[in-house]
1. Tell me, which residue of segment B:79-104 that is polar (S, T, N, Q) and surrounded by fewer than 21 Cβ atoms within 10 Å (Cβ to Cβ) is nearest to residue B:31 (Cα to Cα)?
2. Say we look at segment B:9-31 and pick out the residues that are among the hydrophobic types (A, V, I, L, M, F, W, C) and within 28 Å of residue B:186 (Cα to Cα); which of these is nearest to the chain's Cα centre (by Cα)?
3. Among the residues of segment B:271-290, which ones are among the aliphatic types (A, V, I, L, M), crowded, with 24+ Cβ neighbours inside 10 Å and outside any strand (DSSP E or B)?
4. Would you point out the residue of segment A:333-364, among those that are of a type in the set (Asp, Glu) and in a helix (DSSP H, G or I), that is nearest to the other protein chains (Cβ to nearest Cβ)?
5. If residue A:75 satisfies all but one of (1) modelled with pLDDT of 95 or more; (2) under 30 Å from residue A:108 (Cβ atoms); (3) within 15 Å of the chain's Cα centre (by Cα), what's the number of the condition it fails?
6. Need pairs with beta-carbon distance below 7 Å; first residue farther than 18 Å from residue A:109 by Cβ and within segment A:165-177, second surrounded by fewer than 19 Cβ atoms within 10 Å (Cβ to Cβ); sequence gap 6+ or separate chains.
7. Taking residue B:147 as the residue in question, decide whether it is charged (D, E, K, R) and touching a Ser or Thr at 6+ places or on another chain (Cβ under 9 Å).
Protein chains: 2
Amino acid sequence: MQQFFEIEKVSEGKARAGHLYTDHGRIETPIFMPVGTVASVKTVHQHELKDDIKAQIILGNTYHLYLRPGMEVMQNAGGLHKFMNWDLPILTDSGGYQVFSLAKTRKMSEEGVKFKSHIDGSFHMFSPEKSMEIQRQIGADIFMAFDECTPYPCDYRLAKKSMNLTHRWLKRCITWCNENEELYGYKQHLFPIVQGSCYSDLRKISAEVIAESNCVGNAIGGLSVGEPEDEMYRITDEVTDFLPKDKPRYLMGVGTPWNILETIGLGIDMLDCVMPTRNARNGMLFTWNGVMNMKNEKWKQDFSPLDEFGTSYVDAEYSKAYVRHLFISREYLGKQIASIHNLAFYLDLVKVAREHILKGDFYEWKKSIVPILKQRL
Amino acid sequence: MQQFFEIEKVSEGKARAGHLYTDHGRIETPIFMPVGTVASVKTVHQHELKDDIKAQIILGNTYHLYLRPGMEVMQNAGGLHKFMNWDLPILTDSGGYQVFSLAKTRKMSEEGVKFKSHIDGSFHMFSPEKSMEIQRQIGADIFMAFDECTPYPCDYRLAKKSMNLTHRWLKRCITWCNENEELYGYKQHLFPIVQGSCYSDLRKISAEVIAESNCVGNAIGGLSVGEPEDEMYRITDEVTDFLPKDKPRYLMGVGTPWNILETIGLGIDMLDCVMPTRNARNGMLFTWNGVMNMKNEKWKQDFSPLDEFGTSYVDAEYSKAYVRHLFISREYLGKQIASIHNLAFYLDLVKVAREHILKGDFYEWKKSIVPILKQRL
């Protein structure tokens, strides 16, 4: 049987280049996963994701998909791949994070979370078993254990209590998965999530519990929730030391281009974030030369290509002055161009990072490129 | 010298199939022209316009482009074609219509119109000469004489007074054009506009004055402003009888798919309308089978292709259920898909109409297809 994860090369430090194998295709790691919240990566066509952005796997949000289009439509469609016409891998989150951040009201218990929909105020219940069931119906290639994500800052006792609940919920997720078959004829892989806020001892305990669950891959949650960047790096560094070396590590919800390179340097293989698309819709572009605010007067008469080092057609086809005009005039096309650009850049970023890991000069390269990526143009 | 318009075939009635020749390429007539208000056909990429929608010529709005990005940027870019990266023909309106419908306040005089920008409240003046100058700077292949467009209904005396002003303004437009060279090395063609509201005698006078101006093409304005469909057809029918047969006739701002076929049947060669894109953004799709409201519950579980007779990739790539989900979830992609679909349909509509004109059975075909196009699905 084909193994799920294969490491091609480990650099002098902790960075690794490898491959993930799913029934919807192979993924090169480290990888960035564009976020397709409600069965759409906002403003981007599916063929653009594949052909122009070179996305290898995208994310779906369980909470959103459960509410709209709902699981009846999802199952009748034959799962999310068929519903949105995307035949490469998909990963879904557990719904937990959105219940805590979006739902109108919620009530926690050992059993799970009761919540009120942010759309129509209707009542719903997510439990570990329910989350597994929904993610089976969505049919993601990789799906996440149901966890509680603590805010930042978080009281030590609360963080510990929450972490223990997440661990108990994990056991119920695994039991459910062992007792229930996949729905659509292809393999789904469960990833558990390390929690423990910014407390080193809790993170160590959580990483060990998660490692013992012996899933094919592991995730780090509860970061990028408002803590300082250094804290995020420190916790990531500590946790990757305790997670199995031979399994992929997914850092959830991170981040800026430099966050991505720094955490790849700490042994992360998979990342996702709404930043490239959300910031794109506000006119912020990430490039190999730094960050551009497209609404800036500076670009008004700059008729040079949008990004001379860009890999997508939008970078050559449209000028800076034109894209600025679209943002100033609030034209949809501005958001579309910027979203394609940013996602293509993020995919190029991890691709080039991978090349440097394989070449053996990743840390040297990272040190030289990070200050440039952070520049404001 | 290449002539501007060539008629390939006139059907048993007034419908004609022909070609328009511009320095940015040949256009097959009858043609529908997508509207690219502020240098963008809303939600649509330029390569999609060309490759998927098969647009042969697009429209730009002088009023909007004058305000944003403004003429300094436009001239430095080398005109609208270069600014937006569109190398096929462009037509611009005169700015008159938007001054009357969008500007905050306006003051008419023999000289022109003083108005306050709807964006920042700044004061501006459009005169026939100014409109010509701006359209030269935009660099459209076909540009329109500065006219006053009367509302509907319109008092006879007011309609007559306004028409006479439009005729005097036309003279000033032609004089300006004779005295001023093109800016970008390619030919720009001026079209005058027939006015006269819904009064047959005024329309006849106006058509004769416009015909006498001996421009390479002629337009009919002041329709599709709220009058009954029958009135629009009646006036169009009357006016095309008085306009030169050997020159293209452009009916401004029309309309629904059936309006387009009916007026092609009355001798119209060129049409434009925001309807396919505006209605698309609200979830209304035009198809060969009739009109679909994508927000309808009916499509919730319909996983068949968006439009089995559609010519664009979106019609095969996305299902009705998926596009409904995007509209219900207010995802940008829904607007994008619907806009591509509707424009591709409009271009297919005029293409098929042209084939029937060439084949000689246009009126028979139109009679059979119009009731189907009007159906609510």
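1. Applying the first criterion (polar (S, T, N, Q)) to segment B:79-104 yields B:85, B:92, B:94, B:98, B:101.
Then keep just the ones that are surrounded by fewer than 21 Cβ atoms within 10 Å (Cβ to Cβ); that gives B:85, B:101.
Numbers: B:85: 21, B:101: 26 Å.
In this case the residue turns out to be B:85.
2. Filtering segment B:9-31 for residues among the hydrophobic types (A, V, I, L, M, F, W, C) gives B:10, B:15, B:17, B:20, B:27, B:31.
With the extra rule that they be within 28 Å of residue B:186 (Cα to Cα), the set shrinks to B:17, B:20, B:27, B:31.
Details: B:17: 18, B:20: 15, B:27: 14, B:31: 9 Å.
The selected residue is B:31.
3. B:280
4. To start, the set of residues in segment A:333-364 that are of a type in the set (Asp, Glu) comprises A:348, A:355, A:361, A:364.
Imposing the further condition that a residue be in a helix (DSSP H, G or I) reduces the set to A:348, A:355, A:364.
On the way: A:348: 20, A:355: 29, A:364: 39 Å.
Going through the qualifying residues, I end up with A:348.
5. (3)
6. A:174/A:213
7. Numbers: charged (D, E, K, R): yes; touching a Ser or Thr at 6+ places or on another chain (Cβ under 9 Å): yes.
So residue B:147 passes the test.
Condition check ((1) in contact with a Leu (Cβ under 6 Å, 6 or more places away or on another chain); (2) under 19 Å from residue A:374 (Cβ atoms); (3) of a type outside the set (Lys, Arg)) across all residues:
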residue	(1), (2), (3)
A:253	no, no, yes
A:266	no, yes, yes
A:276	yes, yes, yes
A:282	no, yes, yes
A:286	no, yes, yes
A:292	yes, yes, yes
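The values are calculated or read from the model by the stated rules, or taken from the named source; none is laboratory data. Just so you know, these numbers come straight off a predicted model, no measurement behind them. Note that each Cβ is placed from the backbone with ideal geometry, even for glycine, and that neighbours are counted across all protein chains shown.
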